[in-house]
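Some notes on the structure that comes next.
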Amino acid sequence: MDTRIWGGIGIAALAVVPLLGLGNYHLHLLITVLIWGFVYTSWSIMGRFGMVSLGHGAFLGVGAYVATMLWNTMGLTPWVSIPVAMLVSMAMALLVGYPCFRFRIVGHYFALVTLALGEVVRLTIVGLRDQTGGSLGMTVTGVPEGTSFLALQFGDRATFFYVALLVWLGGLVIWRLVDRSMLRYALEASSEDEDAAASVGVNVTRAKLMILMISAAMTTLGGALYAQYQMYINPETVSGIAISLQIVFAVIAGGLFTQLGPTVGAVFTLLLAETLRVTFGHDIHGLDGTIYGLLLVLFIIYMPKGITGSIMAGLSKRRRPNPAAAPAE
Amino acid sequence: MLRVENLTKRFSGFVAVNRISFALEQGEILGLIGPNGSGKSTTFNMIAGLLKPSEGSIRLEGREIGGLAPIEICHSGIGRTFQIPRPFKQLTILDNVVTAAFYGQRGSVSRAKALDQAEEALTLVGLPTDPQAEVASLGAAGLKKLELARAIATQPRLLLADESLGGLDETEMNAAADMLNHIRREKNITIIWVEHIMGVLMRVVDRAIVLDHGEKIFEGLPREVARDPRVIEIYLGSEKITFDEARS
């Protein structure tokens with residue numbers, strides 16, 4: 001069956017989920033998967049081209065804090081403050097990305113630069129404690145009536161589920177658009193050999209900046225959506241190294257090179273976190289981080305294509321049991 | 001078409017290329033030859049934009065291009081191949097060439113046109129236009145052809161071919177030489193062919209320049225190269241020159 005038909009069936013199935021009478025807890029899990037699935041997709045949109053960022057928490061933090069602060073202090077609707085936050089993130093991405101790409105800071109060095117960016121944003125949030133609440137975090141001022149379209153606040157989870165679903169689908173559409181665009185060709189070429197790419201006319205710096213800015217803007221939207229849903233944010237949950245590494249881990253586990261890989265990563269990490277929480281509670285400090293680290297190593301060694309990538313490779317092997325390896329010359 | 005004057009490249013005092021001058025006519029194939037370390041690759045890389053000249057000028061159709069970045073060189077109408085093929089392995093054979101056709105020309109090119117031009121370039125070099133054909137299916141000769149197809153797809157007026165015969169057996173070398181000649185005729189492209197294997201090259205080129213230790217020691221017709229005592233001296237014992245193959 002055509003993948004579009006499967007996609008339509010999947011979306012229709014998801015759309016009726018809130019009507020099935022699931023409890024608040026299960027709906028909460030689904031909303032969390034959709035929000036993080038979108039954030040992870042936003043990271044993978046550039047990560048798949050070898051641009052490994054360890055600092056996407058910076059963009060997540062900007063989304064959450066800029067939108068919340070503008071709402072709390074000026075009463076600016078998230079419909080305006082979120083685009084403002086996205087523009088701030090894109091400017092940050094440009095500021096950091098341009099020198100990196102212009103001077104070919106790639107691989108581990110690029111990862112280190114982004115790692116620093118994530119920490120700069122986290123420390124800035126902590127440092128501006130009078131405005132941001134510092135390490136204690138801040139709450140999003142709720143509207144008295146509980147639900148307001150203008151404030152992007154919804155009293156019932158079902159409505160927020162549909163908002164998260166739309167944003168997540170938007171992320172998948174952008175992933176697909178990039179995948180089918182000539183930008184992908186430029187980025188695939190640049191990720192393999194910048195000299196060879198430039199010799200056939202690819203503007204490597206521009207291509208990388210474009211995808212970084214798209215990824216940053218999307219991640220910022222994810223951060224703002226997370227804040228609107230949780231109604232509480234703090235520097236540890238929306239910025240800094242821990243959340244940045246969680247993003248990387250989830251995408252690698254789910255599958256870096258497939259459209260649904262990051263979402264599968266979101267399901268996997270959520271199930272893992274919930275299992276650990278239910279089994280061990282909060283008694284063993286840092287257990288989740290240790291297990292994430294261990295699993296990350298195992299995934300990189302034994303399943304580098306992630307869960308979805310491995311499944312798809314297995315399926316395509318089944319379809320082509322004995323490929324004729326005739327040279328194409 | 002191309003005029004190189006007093007081109008010099010120094011690396012911290014070491015002179016790799018010393019005041020080399022030459023000119024190319026439209027549709028000509030120029031062989032740039034010399035043993036290892038003679039400065040031919042440095043000269044090549046200065047024209048291709050990978051190295052900035054220390055002195056001298058490189059003019060393409062009257063416009064100074066010395067010191068421009070590789071992307072600007074490409075958009076000026078100069079295509080290049082690499083000595084060791086550098087394919088984009090994540091892309092299919094066709095997509096490698098489509099990328100070059102799409103991005104390699106000045107001004108915007110539609111995707112459909114880029115696809116047409118890519119298929120034409122692949123057909124010209126004898127590679128499959130099958131959208132599924134993977135780079136991994138290519139051998140040494142196939143990868144060289146892909147380099148050529150990618151360069152041709154940028155619609156260059158000048159093609160820089162870097163040691164297109166390296167790693168090929170004798171049959172493949174002859175085929176590659178014939179292919180370059182065929183490309184020149186079909187597309188009316190001017191070609192600079194850098195090579196250290198002389199025999200096959202001499203069958204095809206219109207003129208040859210021989211470099212040694214960064215200096216131009218000879219410029220002339222292929223038949224004259226084989227008789228030049230300085231060329232014989234630098235190649236004797238290190239390279240088997242099949243002079244009888246040199247075009248008379």
What are the residues in region B:186-239 that are part of a strand (DSSP E or B) and among the acidic types (Asp, Glu), if any? B:Glu195, B:Asp212, B:Glu215, B:Glu219
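Taking the condition on the phi > 0 side of the Ramachandran plot and either more than 9 Å from chain A (Cβ to nearest Cβ) or of a type outside the set (Gly, Ala, Ser) (or both), does B:Gly107 pass?
Considered against the rule, which asks whether it is on the phi > 0 side of the Ramachandran plot and either more than 9 Å from chain A (Cβ to nearest Cβ) or of a type outside the set (Gly, Ala, Ser) (or both), B:Gly107 comes out as yes.
Could you run through region A:93-108 and say how many residues are under 21 Å from the mean Cα position of the chain (by Cα) and either assigned to a loop (DSSP other than H, G, I, E, B) or surrounded by fewer than 15 Cβ atoms within 10 Å (Cβ to Cβ) (or both)?
Summing the residues that are under 21 Å from the mean Cα position of the chain (by Cα) and either assigned to a loop (DSSP other than H, G, I, E, B) or surrounded by fewer than 15 Cβ atoms within 10 Å (Cβ to Cβ) (or both) in region A:93-108 gives 5.
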How many residues are of a type outside the set (Gly, Ala, Ser) and without any contact (Cβ under 8 Å) to a residue 12 or more places away in the chain if we restrict to region A:273-302? 16
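Which one is surrounded by the most Cβ atoms within 10 Å (Cβ to Cβ), of the residues in region B:86-96 that are more than 7 Å from chain A (Cβ to nearest Cβ) and not β-branched (Val, Ile, Thr)?
Looking at the filtered set, the residue picked out is B:Asn96.
Each row is one residue, and each column tells you yes or no for (1) surrounded by 13 or more Cβ atoms within 10 Å (Cβ to Cβ); (2) at pLDDT 95 or above.
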site	(1), (2)
A:Gly134	yes, no
A:Leu152	yes, no
A:Leu166	no, yes
A:Gly170	yes, yes
A:Asp193	yes, no
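Residues are listed down the side, and each one gets a yes or a no for (1) farther than 18 Å from A:Leu166 by Cα; (2) surrounded by fewer than 17 Cβ atoms within 10 Å (Cβ to Cβ); (3) modelled with pLDDT of 90 or more; (4) touching a Pro at 6+ places or on another chain (Cβ under 8 Å):
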{"residue": "A:Leu19", "(1), (2), (3), (4)": "no, yes, no, no"}
{"residue": "A:Tyr40", "(1), (2), (3), (4)": "no, no, yes, yes"}
{"residue": "A:Ser53", "(1), (2), (3), (4)": "yes, no, yes, no"}
{"residue": "A:Gly57", "(1), (2), (3), (4)": "yes, no, yes, no"}
{"residue": "A:Thr73", "(1), (2), (3), (4)": "yes, yes, yes, no"}
Output for region A:114-133, where each listed residue is without any contact (Cβ under 8 Å) to a residue 24 or more places away in the chain and over 14 Å from A:Val238 (Cα atoms): A:Gly127, A:Leu128, A:Arg129, A:Asp130
Tell me, yes or no, whether region A:252-263 has at least one residue that is under 30 Å from B:Ala101 (Cα atoms), assigned to a helix (DSSP H, G or I) and within 14 Å of chain B (Cβ to nearest Cβ). no
Checklist (1) facing chain A (nearest Cβ under 10 Å); (2) over 15 Å from the mean Cα position of the chain (by Cα); (3) hydroxyl-bearing (Ser, Thr, Tyr) applied to B:Thr154, failing item: (2)
If you scan region B:16-30, which residues turn out to be in a loop (DSSP other than H, G, I, E, B) and closer than 24 Å to B:Leu165 by Cβ? B:Glu25, B:Gly27, B:Glu28
Within region A:287-303, can one find any residue that is at pLDDT below 80 and among the small types (Gly, Ala, Ser)? yes
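I need the full set of residues from region B:31-85 which are part of a helix (DSSP H, G or I) and farther than 20 Å from B:Leu211 by Cα, in order please.
B:Pro70, B:Ile71, B:Glu72, B:Ile73, B:Cys74, B:His75, B:Ser76
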Please pick out the residue among B:Ala208, B:Ala140, B:Ala149 that is within 14 Å of chain A (Cβ to nearest Cβ), buried (at least 23 other Cβ atoms within 10 Å of the Cβ) and not acidic (Asp, Glu). B:Ala149
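Would it be correct to say that B:Gln83 is under 16 Å from the mean Cα position of the chain (by Cα) and more than 11 Å from chain A (Cβ to nearest Cβ)?
Details: under 16 Å from the mean Cα position of the chain (by Cα): yes; more than 11 Å from chain A (Cβ to nearest Cβ): yes.
Answer is yes for this residue.
The values are calculated or read from the model by the stated rules, or taken from the named source; none is laboratory data. Nothing here was measured: the structure is a model prediction, and the numbers come from that model. When we count neighbours, we look across all protein chains shown, and the Cβ atoms used for this are built from the backbone with ideal geometry, even at glycine.
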